[in-house]
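Novice: I have a structure here, written as structure tokens, and I will follow up with some questions on it.
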Amino acid sequence: MTASDDPTRRHDRVKRHATPGPRNSLAHWTTARHPLRVAITYVVVWLVRISPSLRLKRWLLRRIGVTVGEGVSWGLEATPDVFWPDLITVRADAIVGYDATILCHEFLQDEYRTGEVVVGERAMIGAGAIILPGVEIGAEASIAANSLVTRDVAPGATVAGVPARPMADDDDADDLGTVD
């Protein structure tokens with residue numbers, strides 16, 4: 001069973017971590033992750049974002065803990081989570097589009113949350129899309145450009161919008177109201 005088949009919600013799969021003091025959780029980020037680790041990861045992520053070589057991107061992503069399947073295409077400027085890249089899995093032949101962001105953490109006032117993100121085999125994430133912690137994108141699913149993915153996406157589904165919702169299968173949708 002995959003998370004897409006699981007009736008639990010994304011928030012039920014996200015771990016909550018209490019903030020160890022009176023200030024917001026981001027103010028305490030150094031207790032969550034070692035600053036040197038984050039700094040090294042940041043430099044590697046910067047290289048991943050600017051490198052045109054897909055082979056180099058896959059190699060670098062694996063070095064910082066991302067699980068990367070064979071044939072994954074990681075677009076220019078696409079960004080994995082800098083704090084918890086080890087919570088990302090991108091399965092074989094998936095595409096992460098230009099300037100997409102995969103987040104595995106949320107810093108909030110009284111806590112921070114972490115959650116695994118899984119991108120299924122041959123899934124496609126459009127340019128500028130943002131994937132939130134705890135989300136699973138099913139095999140062969142498609143995320144439209146600039147979408148905000150707050151829930152799991154079923155295998156083969158196409159979602160779009162903020163927040164992302166399934167696209168209608170309306171044959172007239174290609175029409176866009178043009179006059180013949």
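The values are calculated or read from the model by the stated rules, or taken from the named source; none is laboratory data. Values in this document were obtained by computation on a predicted structure and should not be read as measured data. No Cβ is skipped: glycine too gets one built from the backbone with ideal geometry, and neighbour counts run over all protein chains shown. What goes into the accessible areas is simple: the full protein's heavy atoms, side chains included, and nothing from ligands, DNA or RNA. Shrake-Rupley method; radii C 1.70, N 1.55, O 1.52, S 1.80 Å.
Novice: If I filter segment 66-75 for residues that are charged (D, E, K, R), at pLDDT 95 or above and over 24 Å from ALA154 (Cα atoms), do I get at least one hit?
Specialist: Here is the first cut: in segment 66-75, the ones charged (D, E, K, R) are 70.
Of the ones still in play, those that are also at pLDDT 95 or above are 70.
Subset that is over 24 Å from ALA154 (Cα atoms): none.
There is no residue in segment 66-75 that is charged (D, E, K, R), at pLDDT 95 or above and over 24 Å from ALA154 (Cα atoms).
Novice: If you don't mind, there's one more thing I want to ask. Every residue in segment 15-45 that is in contact (Cβ under 8 Å) with a residue 40 or more places away in the chain and part of a loop (DSSP other than H, G, I, E, B), please.
Specialist: Once the filter is applied, which keeps residues that are in contact (Cβ under 8 Å) with a residue 40 or more places away in the chain and part of a loop (DSSP other than H, G, I, E, B), segment 15-45 yields THR19, ASN24, ARG33.
Novice: Specify which of the listed residues (ARG13, ARG58) is touching a strand residue (DSSP E or B) at 6+ places or on another chain (Cβ under 7 Å) and within 18 Å of PRO85 (Cα to Cα). Break it down stepwise before answering.
Specialist: On the way: ARG13 fails: touching a strand residue (DSSP E or B) at 6+ places or on another chain (Cβ under 7 Å).
None of the other options fit; the residue is ARG58.
Novice: Restricting segment 7-22 to residues that are touching a Ser or Thr at 6+ places or on another chain (Cβ under 8 Å) and more than 23 Å from ALA164 (Cα to Cα), which is surrounded by the most Cβ atoms within 10 Å (Cβ to Cβ)? Spell out how you get there, then give the answer.
Specialist: We begin by selecting, within segment 7-22, every residue touching a Ser or Thr at 6+ places or on another chain (Cβ under 8 Å); these are 10, 14-15, 17, 19-20.
With the extra rule that they be more than 23 Å from ALA164 (Cα to Cα), the set shrinks to 17, 19-20.
Working: HIS17: 16, THR19: 19, PRO20: 10.
If we take residues in segment 7-22 being touching a Ser or Thr at 6+ places or on another chain (Cβ under 8 Å) and more than 23 Å from ALA164 (Cα to Cα), then THR19 is surrounded by the most Cβ atoms within 10 Å (Cβ to Cβ).
Novice: Same structure again: Kindly indicate which of GLY134, GLY126, GLY156 is in contact with an Asp or Glu (Cβ under 8 Å, 6 or more places away or on another chain), open to solvent by less than 20 Å² (accessible area, probe 1.4 Å) and not polar (S, T, N, Q). Step through it out loud before you land on a result.
Specialist: Numbers: GLY126 fails: in contact with an Asp or Glu (Cβ under 8 Å, 6 or more places away or on another chain); GLY156 fails: open to solvent by less than 20 Å² (accessible area, probe 1.4 Å).
Just a single option satisfies the conditions, and that option is GLY134.
Novice: With the requirement that a residue be in contact with a Lys or Arg (Cβ under 9 Å, 6 or more places away or on another chain), open to solvent by less than 50 Å² (accessible area, probe 1.4 Å) and not polar (S, T, N, Q), what does segment 23-50 give you?
Specialist: VAL44, VAL48
Novice: Could you list, in sequence order, all residues of segment 82-105 that are under 10 Å from the mean Cα position of the chain (by Cα) and of a type in the set (Ser, Thr, Tyr)?
Specialist: Of everything in segment 82-105, those that are under 10 Å from the mean Cα position of the chain (by Cα) and of a type in the set (Ser, Thr, Tyr) turn out to be THR89, THR101.
Novice: Right, here's the next one. Which residues, taken from segment 51-67, are buried (at least 20 other Cβ atoms within 10 Å of the Cβ) and under 13 Å from the mean Cα position of the chain (by Cα)?
Specialist: Across segment 51-67, the qualifying residue is only VAL66.
Novice: Output the number of the condition that ASP12 fails; it satisfies all remaining conditions of (1) in contact with a Gly (Cβ under 7 Å, 6 or more places away or on another chain); (2) of a type in the set (Asp, Glu); (3) closer than 17 Å to LEU132 by Cβ.
Specialist: In the conditions (1) in contact with a Gly (Cβ under 7 Å, 6 or more places away or on another chain); (2) of a type in the set (Asp, Glu); (3) closer than 17 Å to LEU132 by Cβ, ASP12 misses (1) alone.
Novice: Turning to a different aspect of this structure: Within segment 68-85, count every residue that is aliphatic (A, V, I, L, M) and open to solvent by 20 Å² or more (accessible area, probe 1.4 Å).
Specialist: As a first pass, look at segment 68-85 and keep what is aliphatic (A, V, I, L, M): 68, 72, 76, 78, 82.
So of that shortlist, the ones also open to solvent by 20 Å² or more (accessible area, probe 1.4 Å) come out as 76, 82.
Looking only at that region, the number is 2.
Novice: Check ASP110, ASP99 and return the single one that is among the charged types (D, E, K, R), open to solvent by 30 Å² or more (accessible area, probe 1.4 Å) and touching an Asp or Glu at 6+ places or on another chain (Cβ under 7 Å). Give the steps one after another, and end with the answer.
Specialist: Values: ASP110 fails: touching an Asp or Glu at 6+ places or on another chain (Cβ under 7 Å).
The conditions single out ASP99.
Novice: I've got another one for you. Select from segment 46-98 the residues that are part of a helix (DSSP H, G or I) and not hydrophobic (A, V, I, L, M, F, W, C) and list them in ascending order. Break it down stepwise before answering.
Specialist: Going residue by residue through segment 46-98, those that are part of a helix (DSSP H, G or I) are 46-50, 54-63, 85-87.
Of everything in segment 46-98, those that are part of a helix (DSSP H, G or I) and not hydrophobic (A, V, I, L, M, F, W, C) turn out to be ARG49, ARG55, LYS57, ARG58, ARG62, ARG63, PRO85, ASP86.
Novice: Mind listing whichever residues of segment 46-65 are in contact with an Asp or Glu (Cβ under 7 Å, 6 or more places away or on another chain) and touching a residue at least 24 places away in the same chain (Cβ under 8 Å)? Outline the logic, then answer.
Specialist: We begin by selecting, within segment 46-65, every residue in contact with an Asp or Glu (Cβ under 7 Å, 6 or more places away or on another chain); these are 49, 65.
Within segment 46-65, just ARG49 meets the criteria.
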